[in-house]
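The values are calculated or read from the model by the stated rules, or taken from the named source; none is laboratory data. Because the structure is predicted, anything quoted here is derived from the model rather than measured. Note that each Cβ is placed from the backbone with ideal geometry, even for glycine, and that neighbours are counted across all protein chains shown. These area figures cover heavy atoms from the full protein model, side chains too; ligands, DNA and RNA do not enter into them. Shrake-Rupley method; radii C 1.70, N 1.55, O 1.52, S 1.80 Å.
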Amino acid sequence: MKVLVLTEQKLMEFLASARTAYDVRVPVSLHDGTRVIGRLGEGPLAIKGGAINQKITSIFFPHMETVLKCSNGGFESPEPAPKPMLVVGFTKQDADCLEFIDRFYNDKFRDDVYFNKRDNAVIVCVSGRCGANGKLLKVSGDNCDMELICDGQDYIVRAYTDVGKSLIEDIGSTEIVPEETLEQIEKESDQLCVEGLDLLNAASKLLLEDKVPDEFWQSISDRCIACTSCNLACPTCTCFDVFDRTNGCGIDRWRIWDSCQLDGFMREASGHNPMGQELIRTRRRIHHKLAADVTRWGHITCYQCGRCDNVCPTGIGIMSVCKEMVEKYG
Amino acid sequence: MKRTLTTCPYCGTGCMFYLLVDDKDTLVGIEPSSEHVTAKGQLCVKGWNAHHFVNHPDRLTTPLIRKNGILEEVGWDEALDLVVSKLKQAQSAGGKDSAMFVSSAKTTNEENYLMMKLARAVFKTNNIDHCARLCHSSTVIGLMETLGSGAMTNSIDCMEKADCIFVTGPNTTEQHPLIGTRIIENVTKNGAKLIVADNRKIRLARLADIHVRWKNGTDVPFLNSIMNVIIAEGLEDNEFISKRTENYEELKIVVADYPPEKAAEICGITAQEIVDVARMFAAAKRAMIVYSMGITQHTHGVDNVKCCANLAMLTGNVGSPGTGVNPLRGQNNVQGACDMGALPNVFSGYQKVTDPDVRKKFEKAWRVRNLPGEIVHTVTTAINAAAEGSLKAMYIMGENPMMSDPDQNHVREALEKLDFLVVQDIFPTITSDYADVILPATTYAEKDGTFTSTERRVQRVSKAIEPINQSRPDWQILCDIAALAGYEGMKYDSVSDIMDEIASVTPIYGGISYERIDMIGLQWPCPDRNHPGTKILHVDKFSRGLGKFSPARYRPSVEMPDEEYPFVLSTGRSYFHFHSGTMTRRSQLLDREQRFPYVEISPQDAAEHAIAPGSWMYVATRRGEVKVKANVTDVAKKGVLFMPFHYKEGPANLLTINALDPVANIPEYKVCAAKIRKAQ
Ligand code: SF4
Ligand code: SF4
Ligand code: SF4
């Protein structure tokens, strides 16, 4: 089979050349080895190693940003970026998350601040034999513009959208790759996340059927310190709070990531709080993604990206909680 | 977007993270470091919000001098000239010790070192102290006497290795969150035993095998009685005692007076609870004591600390993984500020000022003569002296005694009486309201340096943005003051040079350099450039040679509840705010979480006083009265109130008592008598 294959060096050259048209973001390794999506040159390229710990959708929905500027009696929205972004480093699960929040931010009320960055951005997934500790990363299929499937060393490049295809054309050269390599990776990839999905579906069913008692949520919330990390790392968590800050000549309105694990998240001005109990907040974190969203969107909105389980300091990310729940009540 | 690796400015856990800076030099976010030994890609809510206050419009941005009662903006030269001339004036009128220098556990090691050098080498006084006086001075003294070092004996990762963890006095999941989570994980995943001895039903108490809610201030009889049971039942570690310790007979005599029945009565618990704790602790292969302010902030704080050390030695739980006596440091650099000698009795590295050889060594290194050998004031006695009129001038760097010292009216009186007060800070505070000069300093995000975490790990603080407006890093301000006062020995090209000087005069920091701690910090003692640092203290030998049992007898707290003031009031911190609130109350989410001053009160007490949850009420002591919201919760025990001290509009320290431990001078923040009433 004739496909485009890039060595890491060639990939680097391609990304460097893409900078004329794009604001290129790639996984890099920072000062102490932490991998993040950064600019080329911010640190050594670090594509291999699996999902990036940071909330991947922070590229388009950052921790804190200005949403409005107010001066001389008028309002201004932030300007769109001069160049669209080309972002490398989404896993298949990350791309699923992105696809969902694209829909979310476009539903009824379109979030311009988000789409300023998101429109025309090119998403490049990474998959194959380059996960953490040599694990296989699920092959994306078609939920991105382009995909880099690692064979353990080099990257087989596949394009799914028109932009992706035209980018590939720019690179030109192609190589022969033994058909088995790709077939084998795809076959193995098909097996990934299946068990996880079964678990999430089973948990979702229990929640929809209201089979999980309060005492379960109490026992989980006893272990939650309200660090907010699960929300702040989750690519499908989209909540934010707003605040105003004066700058020399006017006022800027900012937004900052918020968390449903905080007591103040839903507290009313009266002091009444529909989510004023720890156990309710803990249930909400899981219930929202596995039950409420099923009712609203027709599907669960956790895509098994793994971040909340990695980042929760007490081991109660969504998968751990679902496991405990299904073991007890399933 | 630029990312800078630095250390969290909040608690002493010492997580490192990346600060995100946009193209306009504004901090716009935080990313955890997945590689950091403690953070491991995680943070608590304060860490996640640690960028927020830096660009707050309230920042002090230019030096201010009070002229005719009004603060006026001035240039740096004018402000610093005035500081130097006024400090000198006070000293020439009232003697060297009529000026007090207050350093800060928020600032870097380098800055603490320079503040102590300024006080001693330039202004020739040992009147240098900082807020460790208010939190762990009893630890430094109590553990020094028993073990030979005032620091946490073990490392944070030991929390995961213990078979039994005895938590008394810290609310770790709120005050050292990523240490608290290690305890939770060890308990829930490995089945480690957890004993919580705390009046409040803190989160860890919900997961504890035994939760003892004894009366505040009865730590000594409680701990003595545990030891009594251990000895009576032959559960002590005789080999450890005979090989590694001294003065055991003395301990036996004292604890013999605390049989469980007698102690139980003093402590307000059952004898069985004491026996259960003793057996569980003694049975564990690796048992660890974790303590904090609940132990230290008493007029018998030093005694409490000694009892903790006694218990660890009695059961052979010192010097190995998963054991030890572990006082958790509550501020980012309170460990470092002590290490740097921002204390009246020691130079950096706990080298005694009363030792003439030590003074000679520093005289040579600093190229000065006649370093003072007398110890006069601590932070707490300095306030008393100012109120009496014998202390004339104070230079406060990064502290807010009006909020953090006991008995606010007394502190106000003291500050008002001073001839000259200079406050160097990042935001205006109610302490700076009394200042004659205010010097704008930078936050942690605008400077380089190091903090030392609770596990003695010296870690880098790195500059992410330029100083805002005219603010300047504390170390540069201190160096300028030294130069203006005519001292040539405080000129440095960079903070790394300051660390090199610290290493050269401080044996425990001897091997620390910026090059070595570039990515991962080193744990002291680290005596030379090839030393890998020390994870666990007292491994084969105690720092003082043999561990010394130092028994203590029960002394009740100074102000006990009575008919008029029937409640016990205890104070401390909450999860979302930090100390006097200057930073967290200027951070959107943290402030939103807890916007009002509050008191924790038990459902029974609230019901008896017809106080509805969330309603306003008054708490009064013999010092004053404060209006707060009622946080009705079963965290509080009947008869006991708990108030955090973050709120200037509802200051807990207006109520606390200015009663001090006779040795450590630490105030009794944890016990005073109070009464309550409903607000109409
Ligand atoms: S695994 Fe956790 S972080 Fe990832 S999408 Fe699901 S809920 Fe969000
Ligand atoms: S990460 Fe874990 S501890 Fe933190 S808020 Fe989420 S569930 Fe709670
Ligand atoms: S645990 Fe302490 S050091 Fe770590 S993020 Fe929280 S406040 Fe900062």
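List of remarks:
- Members of the range A:47-76 found to be assigned to a strand (DSSP E or B) and within 13 Å of chain B (Cβ to nearest Cβ), listed by number: A:64, A:65, A:66, A:67, A:69
- Lone qualifier among B:283, B:312 - being of a type in the set (A, V, I, L, M, F, W, C) and surrounded by fewer than 18 Cβ atoms within 10 Å (Cβ to Cβ): B:283
- Residue within the range A:17-27 that is part of a helix (DSSP H, G or I), hydrophobic (A, V, I, L, M, F, W, C) and surrounded by fewer than 22 Cβ atoms within 10 Å (Cβ to Cβ) present: yes
- Checked against the criterion of being away from every other protein chain (no Cβ under 14 Å), under 15 Å from residue B:570 (Cα atoms), of a type in the set (Phe, Trp, Tyr) and open to solvent by less than 20 Å² (accessible area, probe 1.4 Å), the range B:645-666 contains not a single residue that satisfies it.
- Residue match in the range B:217-236 (condition: within 16 Å of ligand 2 (Cβ to nearest atom), of a type in the set (D, E, K, R), part of a helix (DSSP H, G or I) and surrounded by 18 or more Cβ atoms within 10 Å (Cβ to Cβ)): no
- For the range B:209-219, the criterion of being within 14 Å of chain A (Cβ to nearest Cβ) and over 24 Å from residue B:264 (Cβ atoms) is satisfied by no residue at all.
- Screening residue B:25 with (1) buried (at least 16 other Cβ atoms within 10 Å of the Cβ); (2) more than 16 Å from ligand 2 (Cβ to nearest atom); (3) not assigned by TED's automatic domain parsing to the domain that holds residue B:395 gives one miss only, at (1).
- Test set (1) in a helix (DSSP H, G or I); (2) open to solvent by 40 Å² or more (accessible area, probe 1.4 Å) - residue B:211 fails condition number: (1)
- Qualifying residue in the range A:77-88 (condition: assigned to a helix (DSSP H, G or I) and not hydrophobic (A, V, I, L, M, F, W, C)): no
- Number of the exception - residue A:44 against (1) more than 12 Å from chain B (Cβ to nearest Cβ); (2) out of contact with any Lys or Arg (no Cβ under 9 Å at 6 or more places or on another chain); (3) surrounded by 17 or more Cβ atoms within 10 Å (Cβ to Cβ); (4) closer than 18 Å to residue B:18 by Cα: (3)
- Test: residue in the range A:247-262 that is within 16 Å of ligand 3 (Cβ to nearest atom) and touching a His at 6+ places or on another chain (Cβ under 8 Å): yes
- Residues satisfying the criterion are absent from the range B:323-342 (criterion: surrounded by fewer than 24 Cβ atoms within 10 Å (Cβ to Cβ) and in contact with a strand residue (DSSP E or B) (Cβ under 8 Å, 6 or more places away or on another chain)).
- Some residue of the range A:224-245 being modelled with pLDDT of 95 or more, surrounded by 22 or more Cβ atoms within 10 Å (Cβ to Cβ), away from ligand 1 (no atom under 16 Å from the Cβ) and farther than 15 Å from residue A:288 by Cα: yes
Yes/no per residue for (1) open to solvent by less than 20 Å² (accessible area, probe 1.4 Å); (2) farther than 25 Å from residue B:210 by Cβ; (3) within 12 Å of another protein chain (Cβ to nearest Cβ):
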| position | (1), (2), (3) |
| --- | --- |
| B:132 | yes, yes, no |
| B:142 | yes, no, no |
| B:145 | no, yes, no |
| B:151 | yes, yes, no |
| B:164 | yes, no, no |
| B:180 | yes, no, yes |
| B:193 | no, no, no |
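- Restricted to the range B:401-493, the set of strands (runs of 3 or more DSSP E) holding at least 3 residues that are under 24 Å from the mean Cα position of the chain (by Cα) comprises B:420-425, B:449-452, B:457-461.
- Residues of the range A:193-234 satisfying the condition of being more than 16 Å from ligand 2 (Cβ to nearest atom) and within 21 Å of residue B:184 (Cβ to Cβ): A:214, A:215
- Screening the candidates B:201, B:189, B:124 for the property of being farther than 23 Å from residue B:315 by Cβ and free of Cβ contacts under 8 Å to residues at least 40 places away in the same chain yields one hit, B:189.
- For the residues B:277, B:254, the requirement of being closer than 21 Å to residue B:542 by Cβ and either buried (at least 19 other Cβ atoms within 10 Å of the Cβ) or assigned by TED's automatic domain parsing to the domain that holds residue B:574 (or both) singles out B:254.
- Helices (runs of 4 or more DSSP H) within the range A:266-330 that include 2 or more residues within 13 Å of another protein chain (Cβ to nearest Cβ) and more than 9 Å from ligand 1 (Cβ to nearest atom): A:278-287, A:318-329
- Matching option when the condition is more than 16 Å from ligand 2 (Cβ to nearest atom), surrounded by fewer than 18 Cβ atoms within 10 Å (Cβ to Cβ) and outside the structural domain of residue A:285 (by TED's automatic domain parsing), among A:177, A:157: A:177
- Against the numbered list (1) touching a Lys or Arg at 6+ places or on another chain (Cβ under 8 Å); (2) surrounded by fewer than 22 Cβ atoms within 10 Å (Cβ to Cβ); (3) within 17 Å of residue B:407 (Cα to Cα), residue B:580 comes up short only at (2).
- Here residue B:57 clears all of (1) crowded, with 24+ Cβ neighbours inside 10 Å; (2) touching a Lys or Arg at 6+ places or on another chain (Cβ under 9 Å); (3) facing chain A (nearest Cβ under 10 Å) except the condition numbered (1).
- Hey, residue B:132 in contact with a Ser or Thr (Cβ under 9 Å, 6 or more places away or on another chain) and at pLDDT 95 or above or not: no
- Answer from B:77, B:81 - the residue that is part of a helix (DSSP H, G or I), closer than 24 Å to residue B:399 by Cβ and either away from every other protein chain (no Cβ under 14 Å) or at pLDDT below 95 (or both): B:81
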